[in-house]
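The values are calculated or read from the model by the stated rules, or taken from the named source; none is laboratory data. Just so it is clear, the structure is predicted and the values come from calculations on it, not from any experiment. So basically every Cβ, Gly included, is an ideal-geometry build from the backbone, and we count neighbours across all protein chains shown. Surface accessibility is based on the protein's heavy atoms, side chains included, excluding ligands, DNA and RNA. Shrake-Rupley method; radii C 1.70, N 1.55, O 1.52, S 1.80 Å.
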Amino acid sequence: MKRKKLPIGIDGFDKLIANDFYYVDKTMFIAELLQNWGEVNLFTRPRRFGKTLNMSMLKCFFEIGGEKGLFDGLKIMQEKELCEQYMNRFPVISISLKSVDGPDFQSAAAALRTVIGEEAMRFQFLQDSDRLSGQEKDSYRQLIRVDAEGEETYAMSDEVMTAGLKTLSRLLSRHFGRRTILLIDEYDVPLDRAFQAGYYDAMVNLIRNMLGNALKSNRDLYFAVLTGCLRISKESIFTGLNNLKVHTISDVRYEEYFGFTDSDVDEMLRFYGLLSCREVIREWYDGYRFGGVDVYCPWDVINYCDELLANPKARPGNYWANTSGNGMVRRFIKKADKNTKNEIERLLDGGSILKPVKEELTYAELDDSINNLWSVLYATGYLTGRDSGKEEEERMELAIPNREIRKLFADLVKDWFQETALADSSRISRFCAAFPAGDVSTIQNMLHDYLWDSISVRDTAVRISRKENFYHGLLLGLLQSQGNWLIQSNAETGEGYSDITVCTPERTGIVIELKYAEDGRLETACAKALKQIGERKYAEGLRHRGMNTILKYGMAFREKECRVKMEKF
């Protein structure tokens, strides 16, 4: 059997099918959408879970002039009456708002003009339609009119822009004699970008006017589908829209159509001969729960399978985490108080927490309460809900879904800690100066304070060496604040690799060995660390580098407790 290509970055349904990419069949989404009729349907799912591909699929299925052969052999073709009634029978307007961005409102509004203008350009036959009046043709030409300076700058007025989708739906309906289907992908991206850049209120007003015109009391609309990550409250942009049906990740309808199910992943792994990697893929990329179904992130599975086909020994990567700035998690961690830090630690340790989840928000509400940020992390895929069997009407059991997201949180926590610690230069200078001075008491007390100020990453499910990595990284980051010190991590300095070595300009050498005291016996663990430094001759390498004074530090940790012991070489 010919091996199909994996569709990395391919979100156009027609391109995917026509070029023989592997496709996980989600076409019965069409049937369920028509059976659970809603004039305006909003689907909220995290990024990279197939929203754009599904919207492209809807366009290819419904649009007049579409290629019927794209759906040959797919599940929807078994619904013969439905296909006869709906397939390639409707004018379709399809836009994505993911490019509506800019440093200020004017540039973002210009980007929206471009989105509407480029979609309008697909229907240039309207200029010659014998079913449109001269006035209607003029209204179309206003949508595609460009500035005299360039062909890509659309010159429509604000009024024409906000009415643009409604105008197009009216003209297409007149021309074809059928009401129009409207597809709007990533509807909330302009609001997210505007919130980050400081022009949120202006963008809310613009999007509200555009959607209000297109979706409310539009006689030429057959139905509309919108997708995004967050469910923005009706009071914000859907004011007066009473025909909106919202389907969030908590709903059981449509639960299997965004993301990969267990059976989807098994079928793909079997097709590519990768079933031996099933448990690794489950550990790293499964763990989401949409409605009542466990779901994998498709972007992760496809990318890792592609890596495995090139290199069977490839290690899992943070594919989903690396497709965004992850600013919301950073915002959340920075706002965390002591109780919230403890809850983050519980999540990083593989546990769960009960929190109220508010699925309808405005961006302006995000900073009103830390609970609102918990809700956003849930909606955007950084946390997932668990079926705990507990009767909780207003609270949900939240957890980190998998190893990929746990690593993302851990990395962001470390970055936050380094940023926070380095901001207090006098404090960190005092801490570092205690090492060449041999001031064990100051090192231990200040390290204890740093541990209590930080968010610990000690995943209880991993081996001790991995738990030591957190403390190693924390200490290394603190010491590296001294720009004139030569610092090495896991360097070969004797008959093995010491955790951390330091050479100062004053020719003082420092060797540090860390241990995690699982049993709580910190003194014993310190002694073990010092013994290892001696037995493996870690300090010998510092002597060869010309260090006159060499200090050996054994450090032991357990949760937020620490001990420090020192010996001179």
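Some notes on this structure:
- The chain - mean residue ellipticity at 222 nm from DSSP helices (-39,500 (n - 2.57) per run, n ≥ 4, rounded to 500): -13500 deg cm²/dmol
- Cut-off under 5 Å, modelled amide H: who pairs with Gly385 long-range: Arg289
- Rounded to 10°, Cα long-axis angle of helix 370-379 versus longest principal axis of the chain: 60 degrees
- Globularity index of the stretch 485-541 is 1.18 (Cα radius of gyration / 2.2 N^0.38 Å, N = number of residues).
- Gain in span if fully extended, Ile487 to Ser263, counting 0.36 nm per residue against the direct Cα distance: 75.7 nm
- Taking the Cα centre of the chain as origin and assigning +1 to Lys and Arg Cβ atoms and -1 to Asp and Glu Cβ atoms, the resulting dipole is close to 1080 debye.
- The share of accessible area on the stretch 3-149 that comes from carbon and sulfur is 45 percent, using a 1.4 angstrom probe.
- Here the extension length gained between Thr442 and Asp337 equals 35.2 nm, from 0.36 nm per residue of separation less the Cα-Cα distance.
- Exceeding the 19 Å Cα-Cα cut-off - candidates Lys537/Lys560; Lys26/Lys98; Lys4/Lys313; Lys4/Lys26; Lys341/Lys515; Lys515/Lys552: Lys537/Lys560; Lys26/Lys98; Lys4/Lys313; Lys341/Lys515
- Considering only Phe105, Leu74, Pro91, the residue lying farthest towards the positive end of the dipole of the stretch 1-111 is Leu74, judged by Cα position with unit charges set on Cβ.
- Tilt relative to the chain, helix 440-453 - C-alpha long axis, 0 to 90 degrees, to 10: 20 degrees
- To the nearest ten degrees, helix 134-144 and the longest principal axis of the Cα atoms of the chain are 20 degrees apart.
- Ligands, DNA and RNA are left out, and with a 1.4 angstrom probe the accessible area of the chain is 44 Å² per residue.
- Look at the alpha carbon pairs under 8 Å that are at least 6 residues apart: their mean separation over the length of the chain gives a relative contact order of 11 percent.
- Within the shell of other residues whose beta carbon sits under 9 angstrom from the beta carbon of Phe223, the net charge comes to 0, with Lys and Arg scored +1 and Asp and Glu -1.
- Charge sum, other residues only, whose C-beta stays under 14 Å from Trp299's C-beta, Lys/Arg counted +1 and Asp/Glu -1: -3
- Size descriptor for the chain, Kirkwood hydrodynamic radius: 27.1 Å (Cα pairs only, one decimal).
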